[in-house]
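No value in this document is a laboratory result; all are computed from the given coordinates. Because the structure is a prediction, the values reported are computed rather than measured. Note: ideal-geometry Cβ built from the backbone for every residue, glycine included; neighbour counts use all protein chains shown.
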Amino acid sequence: MLSVDTAVVEGGIAGLTTAAKLAEAGQSVALLERDRIVTGVTGHTTAKLTSLHGLPYHHLADSFGVEDAGRYAAANEAAIDDVEATVGTLDADCGFERMPAVTYVGPDGESGVGTVREEVSVARQLDLPASFVGSSSLPDDGEAGVRFDEQAVFNPRSYLLGLAERLAEGADTHLFEETTVTDVDDGEPCTVTTDRGTVRADDVVLATHFPIVDRGLYFSRLEPKRSYLLAVELGGTPPSEMYYRTGDPHFSLRPLPGEGNTALVGGQNHRTGHGSPTVDRYRRLAEQARARLDVESIRYRWSTQDFTSVDTVPFVGPSPLADHTYIATGFGGWGMTGGTVAGRLLSDRILGRENDWASLYSPERLTVTASARKFASHNRHSMEHYLEDYLLNRPPERPLALDPGEATVIEHEGESVAAYRGEDGEYHTVSAGCSHMGCLVEWNDGERSWDCPCHGSRFDVDGTPLETPAVEGLEQLDFGSD
Ligand SMILES: Cc1cc2nc3c(=O)[nH]c(=O)nc-3n(C[C@H](O)[C@H](O)[C@H](O)COP(=O)(O)OP(=O)(O)OC[C@H]3O[C@@H](n4cnc5c(N)ncnc54)[C@H](O)[C@@H]3O)c2cc1C
Ligand code: FES
């Protein structure tokens, strides 16, 4: 059996950064990834590297205090420098480029010009490179914006594959892809059980996006959100800044340096398992892009999801009720800096180094003022679904007859069945009860997946888990068809 100092579970930015920092410090490390590395959200992100996460600083200063808002700022600014320094040590071309980041509000934004001015003022007090931007320098209907200088964009896939290559060369580092971790026993040493064997480790980092071993009731403290991206070919040169429109509708824009006139646009955020039909989301995002930009063609489209903590600060640190297990999650759509901060925090903690940001990010923190509203709405949502699924709206009992490409949830002999008929006419029938906590899954027509509206698990049409918190798949059912 393999024994290492630290086992890191997942191969996205949080896990790979942590593993790299521990290996650099001389630790033996095993990294265990269910899929191939950098194929999760990290491989499908917009990859803005910025400490300007929407309009965060006024909220942070109000609900956490100015000192903690300053820690958040310092941690995320340090993450940009950290990535830049690491890029300099890699052979890979990571497309790292410094540029300003702008968050702006439109006339219908939830925050007005006054809020933007306050954000600039708080950010400047925190030594952030912030300035106010008026409507004449903003895209489309922007009324006011906050601009942070010296932010960056990069290609996280090239960057992390470069880090992984270096890890794989180490005598004491082990990278296991297509290896699903099914359990972690927190002990001395810890035991990490996978579908391909067992690893012993003094410490375990669980960075599986949503922790697969939930000792901190994270399902009640993390809200899952999907959003949509298009790679568009523009008629003219893309802007040399990155933009984020807050309020309704959210809209994100970043240039892709080195890719000619291609730019990435994003938006259409919604809670996972809600907001169908999702194919319409791509159409609406394309309309928004065309209304704002000179779009010649759409080259690619995809969607992905992230989890936001109920108080908006990620959970990074020791897992509650465990001595040697650590978690990193809840990046809220800003995990490029967040995952890099996690790498620094977790490696410092495991190596016994002090870190001034630790208490702010602690998964055990209690932040009633900052989290009350989101905590209540997230859990009301999940509870409503659970009750509706089990008491009020049982799926209809009817014969299974679908056209190719169609999907439905029906009741059959007391069991809820999720059925999809492929374009080739073949039926795929699985149990509709989510393997996490039993809510009924919903069809996502854009991605052809079964998505859980309660806490964000997602499954392929054959029941294979695609997104945590679920670890187990949906049970395959043998079901008659027309
Ligand atoms: C549309 C969109 C745009 C975004 N844009 C930005 C941006 O511009 N800037 C920014 O900072 N952030 C952005 N983010 C957020 C950022 O991409 C994420 O926060 C970050 O990539 C999360 O990284 P991660 O390492 O936590 O998770 P992931 O990259 O998702 O990695 C999780 C990994 O865990 C593995 N795993 C799961 N279960 C198991 C198991 N049982 N055993 C082993 N492995 C397992 C999965 O296979 C997966 O590879 C965006 C997010 C979205 C949704
Ligand atoms: S994700 Fe929790 S019940 Fe489905």
(request) With only Lys, Arg, Asp and Glu charged, each at its Cβ (+1 for the first two, -1 for the last two), find how big the charge dipole of the range 394-482 is about the Cα centre; round to the nearest 20 debye. (result) 300
(request) Give the calculated FRET efficiency between Asp149 and Glu67 to the nearest 0.05, with a Förster radius of 30 Å applied to their Cβ-Cβ distance. (result) 0.80
(request) Return Asp424, Asp195 ranked ascending by Cβ neighbour count within 10 Å, so the fewest neighbours appear first. (result) Asp424, Asp195
(request) Within the range 204-263, list the GluC sites (Glu not before Pro) lying in a DSSP loop whose Cβ has at most 12 other Cβ atoms in a 10 Å radius. (result) none
(request) Compute the distance in nm between two label points, each set 7 Å from the Cα along the Cα-to-Cβ direction, one at Arg215 and one at Thr237. (result) 5.4
(request) Return the FRET efficiency for the residue pair Asp127, Thr198: r is the Cβ-Cβ distance, R0 is 51 Å, and the value is rounded to the nearest 0.05. (result) 0.60
(request) In nm, give the distance between the simple-model label positions of Glu165 and Glu24, each being 7 Å from the Cα along the Cα-to-Cβ direction. (result) 1.8
(request) Could I have the simple spin-label model distance between Met1 and Glu296, label points 7 Å from Cα toward Cβ, reported in nm to one decimal? (result) 6.0
(message) Tell me which trypsin sites (Lys or Arg not before Pro) from the range 4-41 have a DSSP coil assignment and no more than 14 other beta carbons within 10 Å of their own.
(response) Arg36
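Which whole-number value in Å³ per residue fits the convex hull of the alpha carbons of the range 394-482? Write out the running numbers ahead of the final one.
Working: hull volume 7.7 nm³, N = 89.
Value for the range 394-482: 86 Å³ per residue.
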(request) Please report the orientation-averaged projected area of the chain, defined via the convex hull of its C-alpha atoms, in nm². (result) 23.0
(request) Identify, among Pro404, Met437, Trp450, the residue whose Cα sits farthest towards the positive end of the charge dipole of the range 394-482, taking +1 on the Cβ of Lys and Arg and -1 on the Cβ of Asp and Glu, with the dipole about the Cα centre. (result) Met437
(message) For Cα pairs less than 8 Å apart in space and 6+ apart in sequence, what is the mean separation divided by the residue count of the range 394-482, i.e. the relative contact order in percent?
(response) 22
(request) Run the dipole for the chain about the Cα centre, Lys and Arg Cβ at +1, Asp and Glu Cβ at -1, nothing else charged, and hand back the magnitude in debye, nearest 20. (result) 1140
(request) Would you tally the net charge around Thr337, using a Cβ to Cβ cut-off of less than 10 Å, leaving Thr337 out, and scoring K and R as +1, D and E as -1? (result) -1
(message) Taking 22 Å as R0, compute the FRET efficiency from the Cβ-Cβ separation of Leu366 and Asp323 and round it to 0.05.
(response) 0.60
(request) Would you work out which of Thr103, Gly43, Thr18 lies farthest towards the positive end of the dipole of the range 1-104? Charges go on Cβ: Lys and Arg +1, Asp and Glu -1. (result) Gly43
